[in-house]
Amino acid sequence: MTIKKAIVTLITTLFVILSGWWLHALHLTELTPIQHTVKSVLDTEPEVTSLTPPLPAEEAIEDYFDIAVALHKLAMAGDVSSQFELGRILDVCTNVAYDRETLVNNLHMLYAYAHELSAHVLPDLERLMQACAHFHPENLELFFPQDELYLSRFASESDISWSLGFYWLVQAAQAGHEQAIVNILGIPLLPPITVDIDLPEINAFLSEQLQAGNPDILSSVSSCVDMDQSQSVILMEIACEKTSQCRMLHRYEGSLILQLNSLDNAENDTQQPTLMESFENNIRYMDLPKMINEFKRTEPNYQEHKEQLQSSLQDEQFRSDLIERCAKLMLHRSD
């Protein structure tokens, strides 16, 4: 596997629906303040705006299932911010219920290679696994949308769960939630879901955020540019520079889990002479800053390309073209 092929593979995985993972013998911490807030809000004030902002790994572990139950009640009532927060949680946690054994086995393998990863990677994985541990096939249907047309397009509950988080993100985006639009921009459309957003109305906002260096939109559009010009990696590097080395990007959690899930596919990589070399190459790219640095060392004139791209981002037409390119992957007009 070449460096560039590995880069393409990793960046692509940042923009697909997420797989899950498993933790057994779990002992959760006591309810954190935000969970008490959720329960209080349910009893007293349904009109909330945001309940679960991104948390750094060192903060107390939350039970995402409890929070998802609370958010779902509000999301069903039409609270757009709750739809967005619910979508983010379900994006990370729904597939936990259907792919536990593979992921925990891969995590056990990964411990032997901890020295090749940044210090935060394994703790972040463990935190996420604990937060999602209470999701199971028998309770995922609690979060299914009451949309008969949507539900009828799936063959099984596992198929519904696969795109469940994306469904709620789309609901928020179509209701005008700006961060939801930023987060789904550039994700290839799933056939069962129609994304009906009038892009010209939000183009100015997205362009402004891109010019200002909003890290989430930088990471979103990084999948829509020409890899031969190094633009995708450069955009991710700029985003990571603004977010504590990538950790606070909205898609960080999802990309981390996707890479963990990909480890057991190493034996299918016929371009590597041995299984071990393939496995080691896969784990190397679980660490996004490391991946970026490896690419920089092998790409001629990388710094010059970065300076050119940063200059281009100040051009309104360049930003508009980039946003339109990403939108073509996502938007599917219902009419």
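The values are calculated or read from the model by the stated rules, or taken from the named source; none is laboratory data. The structure presented is a predicted model; accordingly, all values stated were derived computationally and were not measured. With ideal geometry, Cβ positions are generated from the backbone for all residues, glycine too; neighbour counts draw on all protein chains shown.
A few comments on the model shown:
- Enumeration of residues in the range 117-159 that are among the aliphatic types (A, V, I, L, M), surrounded by 12 or more Cβ atoms within 10 Å (Cβ to Cβ) and closer than 21 Å to Asn105 by Cα: Leu117, Val121, Leu122, Leu125, Leu128, Met129, Ala131, Ala133
- Flag if Asp124 is over 23 Å from Ile283 (Cα atoms), in contact with a helix residue (DSSP H, G or I) (Cβ under 8 Å, 6 or more places away or on another chain) and either part of a helix (DSSP H, G or I) or modelled with pLDDT under 95 (or both): no
Let's see how each residue does on (1) at pLDDT 50 or above; (2) loosely packed, with under 15 Cβ neighbours inside 10 Å; (3) among the hydrophobic types (A, V, I, L, M, F, W, C):
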residue	(1), (2), (3)
Glu47	no, yes, no
Ala68	yes, no, yes
Leu71	yes, no, yes
Ser81	yes, no, no
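- Hey, Gly176 within 25 Å of Glu299 (Cβ to Cβ), modelled with pLDDT of 85 or more and surrounded by fewer than 19 Cβ atoms within 10 Å (Cβ to Cβ) or not: no
- Counting only helices (runs of 4 or more DSSP H) that sit completely within the range 129-233, those holding 1 or more residues that are closer than 15 Å to Leu86 by Cβ, touching a residue at least 24 places away in the same chain (Cβ under 8 Å) and not hydrophobic (A, V, I, L, M, F, W, C) correspond to 137-140, 157-162, 164-174, 178-184.
- Set Gly165, Gly186, Gly254: member being under 13 Å from the mean Cα position of the chain (by Cα), at pLDDT 85 or above and buried (at least 22 other Cβ atoms within 10 Å of the Cβ): Gly165
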